[in-house]
1. Measure off, as a whole percent, the carbon and sulfur share of the 1.4 Å-probe accessible area of the chain, all protein chains present.
2. Evaluate the charge dipole of the chain about its Cα centre and quote only its size in Debye, nearest 20, assuming +1 on the Cβ of each Lys and Arg and -1 on the Cβ of each Asp and Glu.
3. Considering only protein heavy atoms, what is the solvent-accessible area of Glu232 at a probe of 1.4 Å, reported in Å² to the nearest 10?
4. What longest region of the chain stays clear of trypsin sites (Lys or Arg not before Pro) that DSSP places outside H, G, I, E and B and that have at most 16 other Cβ atoms within 10 Å?
5. Rounded, prolate or oblate: which one fits region 168-244, using the alpha carbon gyration tensor with axes a ≥ b ≥ c (rounded when a/c is under 1.5, else prolate when a/b beats b/c, else oblate)?
6. Two decimals is fine: what is log10 I(q)/I(0) at q = 0.15 Å⁻¹ for the chain, from a Debye sum with one equal scatterer on every Cα and no solvent?
7. For Glu116, what is the net charge nearby, where nearby means another residue's Cβ is under 13 Å from its Cβ and Lys, Arg count +1, Asp, Glu -1?
8. Could you give the accessible area per residue of region 1-105, probe 1.4 Å, as a whole number in Å²?
Amino acid sequence: MIGLTLHRHSDKAIEVSFKELTGKEELGLATLGGTDMEEMHWLLEQIITDIHSNNHRIKLEELTLSDFDLCVSHLYEQLYGSRVNCEVSCQFCGDGFEFDIELSDFKKTMFLAQKEYSRNEDGDYVSTNAQQVFTLPKVSDLKRLKDSPAESWLKTFLKNGDCDHEQLQEHIEAAGPLMSQDISANCPNCSKTNLVRFDLTRYCLQSLKEEQKLLLKEVHIIANKYGWGLDEILLLTRSVRRQFASYIIADNKVLRSY
């Protein structure tokens, strides 16, 4: 899988290396039963082989939540492409409708406001009027953010300046945008605008879980043809496993009709 560079145009660039997904990780998702964030954290831990910045290796927990979401986006794009198909029910007429989100355009819009912030030597973000210097929430902060009142944890990200909670939260959301946001979508049936929650982590996990029946069919086809064991097949990369299954199906008239 192609690697990912975060903060490419900064001296704080971070390089993330991935290995290709295997059936072991795909099937492992079914046994977790955690929150979306916990399951995605587990999945990324399995397939990220290295994260480093300026020759210094860092852990997944040290990434900001925004950078974590960019890793999720990278995974989704490698698996399914850059377009996300969303299915929702209209909040007004009740009819279902679909719309697509192009991730490259979505990210451009998300990170447009980030360019307004400079970064100091420590990597902290500085507001345009230099009244607030702040850091961004990291993956390691999640439990604390969940258990603490917003005003309490917001103070921990402020390095310098007045603690205007509302303003600081706006700065953090703009400098470190997340790929779970409310977006507008027009219903083609009643023409009204819906406010829809888009969460890429959830879409990615749902897509992988919905494919688990297909994964088991591929395992069965390969095992039946070559006599390989389950563990052996699950260790194949996703692309190789699918290629083997497609070759077997192409050579077998019964399987093709199935």
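1. Details: 7070 of 14750 Å².
Ligands and nucleic acids excluded, carbon and sulfur reach 48 percent.
2. With only Lys, Arg, Asp and Glu charged at Cβ, the dipole is about 900 debye.
3. Approximately 100 Å² for this residue.
4. Longest stretch, sites excluded: 60-191.
5. oblate
6. -1.19
7. Values: positive: Lys115, Arg119; negative: Glu170, Glu173.
Here the charged neighbours net out to 0.
8. Accessible area per residue: 50 Å².
The values are calculated or read from the model by the stated rules, or taken from the named source; none is laboratory data. Being a predicted model, the structure only gives us computed values, none of them experimental. Note: ideal-geometry Cβ built from the backbone for every residue, glycine included; neighbour counts use all protein chains shown. The area values use the complete protein model at the heavy-atom level, side chains included, leaving out ligands, DNA and RNA. Shrake-Rupley method; radii C 1.70, N 1.55, O 1.52, S 1.80 Å.
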